[in-house]
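Input: a single structure, listed below in structure tokens.
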Amino acid sequence: MLNQRDGGERLDRVFQALADPTRRAIVERLARGPAPVSALAEPFAMSLPAILQHLGVLEECGLVSSEKVGRVRTCRVDTATLSLAEKWISERRLLWQRRLDRLGALLAAEEEQGESEKK
Amino acid sequence: MTNRTVTHGSFTLERVYPVKPARVFHAFADAKMKEKWFAGPSGGWTQGEKSMDFRVGGVEVSKGKFTDGPAIEFQAAYWDIVPDERIIYSYWMTMDGKRISVSLATIELKPEGNGTRLKLVEQGAFLDGFDDPAVREKGTADLLDALGRSLEG
């Protein structure tokens, strides 16, 4: 059961984690298959500690998990986090976000028109 | 054979609009106004039958199809309407004839300064997932794209 207390909060954390373009790029890379941290860091012009920080955020919300074997830490997407139910709920939520933004733009445009008519 | 599953979920969204509650309410109550923001951008979507009866017990119907995508049907019934303050309706959606969700949507409008705070809560039963892992993977990729666009936009 995904309610606001557990699933909803987790979903919020997932959304926050994915608000960052670097973290989205990392998830997109991992969606193609597991990769060691060094390979994940390669395409980015930033320090390894910075990448590790991003990975920390992704691990905290459960989008990514990692495992250390010897000296190599390998990361993978935890697909369970983006389960179908959550995907549906996320999509519905996104749909509503876009709707409410369009409504806002519409109301603002009307308001402006109203103002100019008063003048 | 369909694997029968039900997952319950809910989410809450809030927005503050710089207009009086009556104006926001009108955007939900008036079919012509609602059409301007409720439906998605026209690209890739063919609208079929559409009707709206905005009163307690009244029904709203929308049918359509995505280009190269599934046919979607939406049917809602309004159960509580307090002008300028509250709207509650239930609705179901089908995708290619299969029912994918049955939900309850609650919209509250409260004055805030010179504007209105809108709170939307959707509580739903999401039905019979597409359990094909390939579909799921594609869906995850689509979701990530959509997330990115909405967050950047």
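Taken as a whole, the condition of being surrounded by 14 or more Cβ atoms within 10 Å (Cβ to Cβ) and within 16 Å of A:Leu94 (Cβ to Cβ) applies to B:Phe11. So in the stretch A:1-57, with the set limited to residues that are modelled with pLDDT of 80 or more and touching a Gly at 6+ places or on another chain (Cβ under 8 Å), which one is farthest from B:Thr7 (Cα to Cα)? Filtering first and then ranking leaves A:Pro21. All of B:Glu108, B:Glu14, B:Glu49 fail the test of being out of contact with any Gly (no Cβ under 7 Å at 6 or more places or on another chain), in contact (Cβ under 8 Å) with a residue 24 or more places away in the chain, in a strand (DSSP E or B) and acidic (Asp, Glu), apart from B:Glu14.
Can you find a residue in the stretch B:63-70 that is assigned to a loop (DSSP other than H, G, I, E, B) and closer than 23 Å to B:Thr5 by Cβ? Among the residues of the stretch B:63-70, at least one is assigned to a loop (DSSP other than H, G, I, E, B) and closer than 23 Å to B:Thr5 by Cβ, which makes the answer yes.
Yes or no, residue by residue, for (1) within 12 Å of chain A (Cβ to nearest Cβ); (2) polar (S, T, N, Q); (3) within 12 Å of the chain's Cα centre (by Cα):
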position	(1), (2), (3)
B:Ala31	no, no, no
B:Lys36	yes, no, no
B:Glu49	no, no, no
B:Asp53	no, no, no
B:Glu73	no, no, yes
B:Ala76	no, no, yes
B:Pro83	no, no, no
B:Thr94	no, yes, no
B:Ser103	yes, yes, yes
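If the condition is being closer than 25 Å to B:Ser10 by Cβ and outside any helix (DSSP H, G or I), then the stretch A:10-34 contributes only A:Ala19.
The values are calculated or read from the model by the stated rules, or taken from the named source; none is laboratory data. Predicted model only: the values in this text are computed from it and were never measured. A quick note on method: Cβ atoms are made from the backbone with ideal geometry, for glycine too, and the neighbour counts reach across all protein chains shown.
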